[in-house]
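The values are calculated or read from the model by the stated rules, or taken from the named source; none is laboratory data. Bear in mind the structure is a predicted one, so any value in this text is a computation, not a measurement. All Cβ positions, glycine included, derive from the backbone under ideal geometry; neighbour counts span all protein chains shown.
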Amino acid sequence: MLTQAQMLGLDDAHLVSVAGQRLEAQTATAWQALVADAAGAGFQLAVCSGWRGFERQLAIFNGKADGSRALNNRAGERCDVRVMSDADILDAILAWSALPGTSRHHWGTDLDWYDAGAISRDALQLEPWEYQPGGPCHSLAEWLEPRLSQYGFFRPFREPLGGVAPEPWHLSFAPVSVPALGEFDANQLAQQLEQSPLALKETVLAQLPGLVERYCYRISQP
Ligand SMILES: [Zn+2]
């Protein structure tokens, strides 16, 4: 079971290293078995993003809010924060990036994958077309789909449910992540955000219960 500090991305004691990334220990074991299975089928299944802490997520969120990082809206179109309301900026950020403290990448149970035999990490943009027919990761995506559950993985951002936009690359290790979500404490999240240098803080805190419902709980089930 993960602690609240681990769920908020404030504690990394539960992680182990896997090919340059960090994952929760049970997740890492299952992942390595899946990677070996994929290798037997001729694929180079790789993690491009595993664990990510609160501070890192805060830098991503704040960078998008202040315009120093590229920001796309829910439709995938580039937008300009200088002509947007705080509410619209927040909606665009949260379609693709988690609010710090709510990223499933904080848990170590979730990861983003790609086919290292088909595209380099530098060239990868983590955009849906790369995983769709004609994209470099499509063949491996098709191979993975019927096998994920055998290893305990599922895709929480499979369908457009009005929260996080569909992310074909994002996997979660259900035996640890499902109980973790059940233990998530929104009050501790609120306390952590209040004391952090978070952009759009007033807008975020005013909407926090709704944001947690929409972006944490509204997921595709295993
Ligand atoms: Zn992800």
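Observations on the structure shown:
- 1 or more residues at pLDDT 95 or above and under 19 Å from Gln125 (Cβ atoms): qualifying strands (runs of 3 or more DSSP E) within segment 1-78: 21-24, 45-49
Here's the yes/no breakdown for (1) within 16 Å of the ligand (Cβ to nearest atom); (2) without any contact (Cβ under 8 Å) to a residue 24 or more places away in the chain; (3) within 17 Å of Leu198 (Cα to Cα); (4) surrounded by fewer than 17 Cβ atoms within 10 Å (Cβ to Cβ):
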{"site": "Gln26", "(1), (2), (3), (4)": "no, no, no, yes"}
{"site": "Asp37", "(1), (2), (3), (4)": "no, no, no, yes"}
{"site": "Ala41", "(1), (2), (3), (4)": "no, no, no, yes"}
{"site": "Val47", "(1), (2), (3), (4)": "yes, no, no, no"}
{"site": "Ala75", "(1), (2), (3), (4)": "no, yes, no, yes"}
{"site": "Arg78", "(1), (2), (3), (4)": "no, yes, no, yes"}
{"site": "Arg82", "(1), (2), (3), (4)": "no, yes, no, yes"}
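- Residue in segment 53-70 that is among the polar types (S, T, N, Q), touching a residue at least 12 places away in the same chain (Cβ under 8 Å) and under 27 Å from Thr27 (Cβ atoms) present: yes
- All positions within segment 97-129 that are part of a helix (DSSP H, G or I), within 14 Å of the ligand (Cβ to nearest atom) and out of contact with any strand residue (DSSP E or B) (no Cβ under 6 Å at 6 or more places or on another chain): His105, His106, Trp107, Pro128
Yes/no matrix, rows are residues, columns are (1) charged (D, E, K, R); (2) closer than 30 Å to Ala28 by Cβ; (3) under 15 Å from the mean Cα position of the chain (by Cα):
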| position | (1), (2), (3) |
| --- | --- |
| Pro166 | no, yes, yes |
| His170 | no, yes, yes |
| Ser177 | no, yes, yes |
| Glu183 | yes, yes, no |
| Gln188 | no, yes, no |
| Gln207 | no, no, no |
| Val212 | no, yes, yes |
| Cys216 | no, yes, yes |
